[in-house]
Protein chains: 2
Amino acid sequence: MGGMRGAIIHAAGDVRFEERQDPTIQEPTDAVIRTVAACVCGSDLWRYRGIAEVKKPTPIGHEYVGIVEAVGAEVTTVKVGDFVVGGFTYSDNTCACCRRGAHANCLNGGGYDGCQAEKIRIPQADGTLLATPGQPDEDLVPHLLALSDVMCTGWHAAVSGGVGRGTTVAVVGDGAVGLSAVLASVQLGAERVIAMSRHADRQKIAKEFGATDIVAERGEDGVKKIREMTDGIGADVVLECVGTEDARVQAVEAVRPGGMVGVVGVPHGGVDVEQMFWKNKGIHGGVAPVRAYLEQLLQLVWERRIQPGKVFDLELPLSEVAEAYKAMDERRATKVLLRP
Amino acid sequence: MGGMRGAIIHAAGDVRFEERQDPTIQEPTDAVIRTVAACVCGSDLWRYRGIAEVKKPTPIGHEYVGIVEAVGAEVTTVKVGDFVVGGFTYSDNTCACCRRGAHANCLNGGGYDGCQAEKIRIPQADGTLLATPGQPDEDLVPHLLALSDVMCTGWHAAVSGGVGRGTTVAVVGDGAVGLSAVLASVQLGAERVIAMSRHADRQKIAKEFGATDIVAERGEDGVKKIREMTDGIGADVVLECVGTEDARVQAVEAVRPGGMVGVVGVPHGGVDVEQMFWKNKGIHGGVAPVRAYLEQLLQLVWERRIQPGKVFDLELPLSEVAEAYKAMDERRATKVLLRP
């Protein structure tokens with residue numbers, strides 16, 4: 001068996017690029033891909049920062065695009081040589097949940113780790129991967145990579161919040177997911193998209209993605225500003241793209257009576273649903289069902305109608321993955337793209 | 001000043017039909033109506049049963065249809081002699097919230113009590129009342145009365161849950177609101193509507209309203225049954241029309257991953273939103289914005305396409321209002337219609 005190299009997290013603050021065994025086909029529904037690009041997710045930082053525990057050295061990463069190297073006997077929709085995008089969870093795309101678009105909760109699905117590596121084993125290849133119509137031009141690679149998680153997660157926030165034609169949206173969080181949620185809201189027909197951001201570089205991307213307004217204030221001041229901009233009542237939909245209690249409180253406060261919070265940040269702390277009830281405010285969201293959105297978004301990227309890869313503001317060789325984590329931890333980078 | 005009679009709640013279990021002063025125009029936006037029919041709401045029973053406190057003798061009731069007797073100088077959309085339906089909250093129908101359909105949270109709105117009476121003062125008459133196209137035939141009166149609260153509340157549950165063409169819906173609660181939610185779901189295009197009910201008489205109304213299935217089991221057994229009927233995953237949308245913790249838990253458990261709970265029963269107790277997040281389950285709803293739905297539903301009643309008044313299974317003279325409360329408290333009646 002050959003070897004390859006990939007990122008292993010050993011402890012908080014300790015990510016190493018190390019030799020690992022080559023992945024192989026283990027189930028007839030598997031594929032193995034050679035990575036063309038991978039990246040670091042905000043959620044990878046939970047372990048890097050010691051918020052989530054690292055019990056033992058663990059391969060890390062869950063976003064990728066690549067070229068199919070091998071497929072199991074039952075795989076029919078992708079073949080060796082295809083350029084593929086896949087979601088950060090795997091799914092069979094046929095179960096009762098997938099048939100209703102809830103691929104993140106696929107009855108035969110799950111999550112994986114270890115995708116910041118030269119090669120990756122993909123379970124349920126048919127239900128997880130989508131091949132591009134041909135080999136992509138080099139400039140499309142970051143945009144395709146963004147579909148693996150961050151763009152579909154922003155899209156899910158907007159879909160869960162019910163963003164549509166004419167909606168006024170406020171986005172809490174100016175990380176890569178928040179910026180993607182801005183892009184998603186614009187694509188879904190929102191009339192007004194208010195990005196909450198204090199950082200000039202991220203405000204710039206938000207504007208490029210179509211944000212109509214920027215609010216630099218946070219917390220209560222931010223809520224006050226949003227209300228001032230919306231006839232005193234709040235936005236129709238607020239997208240919570242952070243996952244802290246402060247952000248959630250801010251989102252619930254900034255949405256108008258009758259409105260919806262679309263949530264893709266894990267809701268830590270309790271939500272006062274009785275208070276929300278009296279204000280007719282709702283909340284919906286969760287882990288994004290990437291495969292549900294992949295065909296539509298891949299087409300938008302392929303036709304160069306959206307450029308979600310703009311969220312990558314640093315590119316490094318995969319071998320420098322440790323520096324990628326450091327740069328994101330220290331907020332020197334929003335999101336780092338890695339090339340083997 | 002003349003006198004009239006109406007229901008006064010003095011304490012838990014103690015509703016009396018007593019002399020009250022005639023209501024008069026106090027604001028130029030008021031109307032006074034002569035009641036044609038009123039009814040008792042499940043929420044009136046909170047005080048009757050001692051769940052909510054009665055601090056002093058209070059006029060009670062918030063559902064009505066009637067004939068306009070007087071209007072303030074600024075009222076333009078209804079006139080003396082009109083037959084009108086109004087919601088259980090008043091609203092101006094022009095504020096920022098109302099313009100977005102959130103009439104229950106009208107910036108100039110509020111609730112009222114004392115509608116189980118011969119005459120009623122209606123604040124914000126233009127934004128609260130809707131006149132019928134002419135004097136209604138006698139058989140339409142119960143169906144028009146149902147629009148004052150119960151039918152619009154069931155409709156709001158279905159709208160909040162996102163019921164549409166092809167949806168599989170389960171309704172928790174077979175009271176008048178739950179039955180109305182069945183009717184609403186059918187009207188909104190649901191493919192399958194599962195009514196959860198143990199009572200033969202209510203099952204019958206649910207079927208007449210278009211329920212495709214009845215589940216008599218409750219609690220965990222009820223959830224198990226719903227899952228068995230929905231490919232093992234739960235209904236797309238569950239409508240919570242009770243307002244107890246048990247009902248809410250049952251609703252959240254019975255909805256599929258990615259699905260929505262539409263809620264019109266006050267959500268007592270906490271909701272584990274983090275658990276809901278991992279299952280991609282959402283919740284939305286609250287007090288119904290009656291005026292937002294009134295034109296559409298009035299038309300459906302007027303054209304005899306829906307008969308929401310079937311939820312009334314007992315009719316009494318208004319003077320016997322005490323017996324109406326007793327009958328509902330003892331579950332001898334689902335909902336009682338009262339005539340002055």
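Among the numbered criteria (1) assigned to a helix (DSSP H, G or I); (2) surrounded by fewer than 19 Cβ atoms within 10 Å (Cβ to Cβ); (3) of a type outside the set (G, A, S), which single criterion is violated by B:V177? Of the numbered conditions (1) assigned to a helix (DSSP H, G or I); (2) surrounded by fewer than 19 Cβ atoms within 10 Å (Cβ to Cβ); (3) of a type outside the set (G, A, S), the odd one out for B:V177 is (2). Count of region B:226-244 residues, restricted to those that are part of a helix (DSSP H, G or I) and more than 11 Å from chain A (Cβ to nearest Cβ), is 2. Could you say whether any residue in region B:272-290 is closer than 22 Å to B:C115 by Cα and in a helix (DSSP H, G or I)? Looking through region B:272-290, at least one residue is closer than 22 Å to B:C115 by Cα and in a helix (DSSP H, G or I).
State whether the residues of region B:214-223 include one that is touching a helix residue (DSSP H, G or I) at 6+ places or on another chain (Cβ under 7 Å) and modelled with pLDDT under 95.
Yes, some residue in region B:214-223 is touching a helix residue (DSSP H, G or I) at 6+ places or on another chain (Cβ under 7 Å) and modelled with pLDDT under 95.
Only residues that are surrounded by fewer than 14 Cβ atoms within 10 Å (Cβ to Cβ) and of a type in the set (A, V, I, L, M) were counted across region B:1-39, and they come to 1. Of the residues making up region B:20-65, those that are outside any loop (DSSP other than H, G, I, E, B) and over 27 Å from B:D82 (Cβ atoms) number 5. Scoring B:P267 on the criteria (1) assigned to a loop (DSSP other than H, G, I, E, B); (2) farther than 26 Å from A:L239 by Cβ; (3) within 13 Å of chain A (Cβ to nearest Cβ); (4) within 17 Å of the chain's Cα centre (by Cα) leaves a single failure, condition (2). Of B:Y325, B:Y293, all but one fail to be among the hydroxyl-bearing types (S, T, Y), in a helix (DSSP H, G or I) and under 21 Å from B:V84 (Cβ atoms); the exception is B:Y293. In the condition set (1) within 14 Å of another protein chain (Cβ to nearest Cβ); (2) over 27 Å from A:L314 (Cα atoms), A:A125 is compliant with all but (1). A:D113 passes every criterion in (1) modelled with pLDDT of 95 or more; (2) on the phi < 0 side of the Ramachandran plot apart from (1). No other residue among A:A211, A:A206 is in a helix (DSSP H, G or I), of a type in the set (G, A, S) and under 12 Å from A:V182 (Cβ atoms) apart from A:A206.
The condition of being among the polar types (S, T, N, Q) and outside the structural domain of B:I25 (by TED's automatic domain parsing) holds for only one of B:T128, B:T132, B:T168, that being B:T168.
Filtered by the rule that a residue be charged (D, E, K, R), in a loop (DSSP other than H, G, I, E, B) and within 14 Å of chain B (Cβ to nearest Cβ), region A:66-122 gives A:D92, A:R100.
So which of A:G42, A:G61 ends up being at pLDDT below 95, within 24 Å of the chain's Cα centre (by Cα) and either surrounded by 16 or more Cβ atoms within 10 Å (Cβ to Cβ) or not assigned by TED's automatic domain parsing to the domain that holds A:Y112 (or both)?
A:G42
Among the candidates B:E253, B:E295, B:E228, the residue that is in contact (Cβ under 8 Å) with a residue 60 or more places away in the chain, of a type outside the set (A, V, I, L, M) and surrounded by fewer than 24 Cβ atoms within 10 Å (Cβ to Cβ) is uniquely B:E295. For B:G258, the conditions (1) small (G, A, S); (2) at negative phi; (3) touching a residue at least 12 places away in the same chain (Cβ under 8 Å) are fulfilled apart from (2). If you go through region B:183-217 and keep only what is over 26 Å from B:L297 (Cα atoms) and either in contact with a strand residue (DSSP E or B) (Cβ under 7 Å, 6 or more places away or on another chain) or touching a residue at least 40 places away in the same chain (Cβ under 8 Å) (or both), you end up with just B:V215.
Looking at region A:103-125, which of its residues are in contact with a strand residue (DSSP E or B) (Cβ under 8 Å, 6 or more places away or on another chain) and either outside the structural domain of A:P308 (by TED's automatic domain parsing) or aliphatic (A, V, I, L, M) (or both)? Result: A:A104, A:A117, A:I120, A:I122, A:A125.
Residue-by-condition table, conditions (1) in the same structural domain as A:A176 (by TED's automatic domain parsing); (2) more than 21 Å from A:A288 (Cα to Cα); (3) modelled with pLDDT under 95:
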position	(1), (2), (3)
A:K225	yes, yes, no
A:T230	yes, yes, no
A:G234	yes, yes, no
A:E240	yes, no, no
A:D246	yes, yes, yes
A:A251	yes, no, no
A:P257	yes, yes, no
A:P267	yes, no, yes
A:G270	yes, yes, yes
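For every residue, the table says whether it meets (1) under 20 Å from A:S180 (Cβ atoms); (2) under 15 Å from the mean Cα position of the chain (by Cα); (3) within 7 Å of chain B (Cβ to nearest Cβ).
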{"position": "A:R256", "(1), (2), (3)": "no, no, yes"}
{"position": "A:W278", "(1), (2), (3)": "no, no, yes"}
{"position": "A:G282", "(1), (2), (3)": "no, no, yes"}
{"position": "A:L294", "(1), (2), (3)": "yes, yes, no"}
{"position": "A:Q299", "(1), (2), (3)": "yes, no, no"}
{"position": "A:W302", "(1), (2), (3)": "yes, no, no"}
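The values are calculated or read from the model by the stated rules, or taken from the named source; none is laboratory data. Remember, predicted model here, so these are calculated numbers, not experimental data. Positions of Cβ are backbone-derived with ideal geometry, glycine not excepted, and every protein chain shown enters the neighbour counts.
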